[in-house]
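These notes concern the structure reproduced below.
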Amino acid sequence: MEWQLFSEVPPESVQAVLSIARRRTFARGEVVFHRGDPANALHLIAEGRFAVRITTPLGDTATLAVRGAGDAFGELALVSDELERSATVQALEGGETRSVHRSDFDRLRQEHPSVDAILVAILAERVRRLSELLTEAYYLSADARVVRRLADLAELYDGSVPLPQEALAELAGTSRATVNRVVRELEERGVVELGRSRTIVKDLDRLRPKPI
């Protein structure tokens with residue numbers, strides 16, 4: 001398994017963390033944890049894709065992110081023992097993670113302080129991603145955000161995105177009507193093909209976003 005988050009982390013540090021990780025499997029639709037649950041473990045994704053979701057003040061469910069193999073979720077559990085989960089994570093398909101419990105990680109870092117590089121790598125990636133999303137929110141139109149999120153999902157799903165347009169709208173911070181219009185326009189240009197319950201990206205290079 002190649003952990004893309006840890007490309008700059010010494011291999012021995014990665015192996016040390018994996019040595020204390022517990023294999024967990026999840027069925028499609030199974031909730032890994034709910035928002036408000038005690039935050040006690042980091043999950044490294046070995047297989048499958050997982051949705052990070054919250055419930056809005058109006059009672060609606062909003063998808064904040066979709067993460068796949070080589071990524072992680074629940075990293076704040078390793079930062080403090082006073083935290084609660086800030087979002088609900090659910091398996092979108094059968095999946096598998098390597099769960100690193102906070103108490104096990106604390107013991108490991110006493111013996112191998114270098115494993116802190118794992119946590120630093122994950123948090124640095126989250127900060128980079130949040131900065132990118134904030135810039136998009138300020139400077140990009142809703143249409144452009146839809147295209148960017150579709151490109152992200154196309155890479156995650158190898159070109160065939162099985163998520164409904166409602167999920168794409170949540171990820172882009174816009175309405176389903178906007179997503180439907182943008183995707184239809186992309187289909188007319190031959191960039192995507194709308195299949196049964198999925199969007200097939202035919203030309204990722206044309207869809208791939210340009211730097212802001």
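Taken together, the values in this text are just the output of simple stated rules run on the coordinates, not laboratory data. Predicted model only: the values in this text are computed from it and were never measured. We place every Cβ from the backbone using ideal geometry, glycine too, and count neighbours over all the protein chains shown.
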Next item on the list: Considering the options Leu78, Thr55, Val31, tell which one lies farthest towards the positive end of the dipole of the chain, charges being +1 on Lys and Arg and -1 on Asp and Glu at the Cβ, about the Cα centre.
Entry: Thr55
Next item on the list: Taking 7 Å along the Cα-to-C-beta vector as the label spot, tell me the Glu125-Arg107 distance in nanometres, rounded to one decimal.
Entry: 2.6 nm
Note to self: Could you tell me the center-to-center distance, by alpha carbons, between region 1-22 and region 127-153 in angstrom?
What the structure shows: 29 Å
Note to self: Please compute the modelled spin-label separation between Tyr138 and Asp116, points set 7 Å along Cα→Cβ, answer in nm with one decimal.
What the structure shows: 3.1 nm
Next item on the list: In debye, nearest 20, what is the charge dipole magnitude of the chain about its Cα centre with +1 on Lys and Arg Cβ and -1 on Asp and Glu Cβ, if you could check?
Entry: 480 debye
Notebook entry, point to check: Along the Cα-to-C-beta direction of Thr56, a point sits 7 Å from the Cα; which residues of region 175-190 have their amide N less than 18 Å from that point?
Noted result: 175-181
Next item on the list: Determine the shape class of region 141-207: with a ≥ b ≥ c the square roots of the Cα gyration tensor eigenvalues, call it rounded for a/c under 1.5, and otherwise prolate if a/b is greater than b/c, oblate otherwise.
Entry: rounded
Notebook entry, point to check: Using unit Cβ charges (K, R positive; D, E negative) and no other charged atoms, how large, in debye to the nearest 20, is the dipole of region 108-212 about its Cα centre?
Noted result: 220 debye
Next item on the list: Run a plain Debye calculation on region 59-151 (Cα atoms as equal point scatterers, no solvent) and give log10 I(q)/I(0) at q = 0.15, 0.24 Å⁻¹, rounded to two decimals, same order as the q list.
Entry: -0.79, -1.43
Next item on the list: Compute the distribution of all C-alpha to C-alpha distances in region 1-44, in bins of 10 Å from 0, and list the percent of pairs in each, rounded to whole numbers.
Entry: 19, 43, 31, 6
Next item on the list: If a/c stays under 1.5 just call it rounded; otherwise compare a/b with b/c (prolate if a/b is bigger, oblate if not). Do that for region 53-103, with a ≥ b ≥ c from the square roots of the Cα gyration tensor eigenvalues.
Entry: oblate
Check: How big is the charge dipole of region 32-122 about its Cα centre, in debye rounded to the nearest 20, if each Lys and Arg gets +1 on its Cβ and each Asp and Glu gets -1 on its Cβ?
Finding: 160 debye
Next item on the list: Would you work out which of Ile45, Tyr139, Thr88 lies farthest towards the positive end of the dipole of the chain? Charges go on Cβ: Lys and Arg +1, Asp and Glu -1.
Entry: Tyr139
Next item on the list: Return one number: the angle in degrees, 0 to 90 and rounded to the nearest 10, between the long axis of the Cα atoms of helix 142-156 and the longest principal axis of the Cα atoms of the chain.
Entry: 50 degrees
Notebook entry, point to check: Percentage of Cα-Cα pair distances in region 4-136 greater than 26 Å, rounded to whole percent?
Noted result: 20 percent
Check: So how tilted is helix 102-111 from the main axis of the chain? Cα-based, degrees 0 to 90, rounded to 10.
Finding: 60 degrees
Item checked: Degrees between helix 176-188 axis and first principal axis of the chain (Cα, 0 to 90, nearest 10) -> 70 degrees
Note to self: With unit charges on the beta carbons (Lys and Arg positive, Asp and Glu negative) and the dipole taken about the Cα centre of region 46-205, which residue among Ala65, Ala167, Val115 sits farthest to the positive side?
What the structure shows: Ala167
Checklist line | Which of Thr56, Thr97 has the fewest Cβ neighbours within 10 Å, and the rest in rising order | finding: Thr56, Thr97
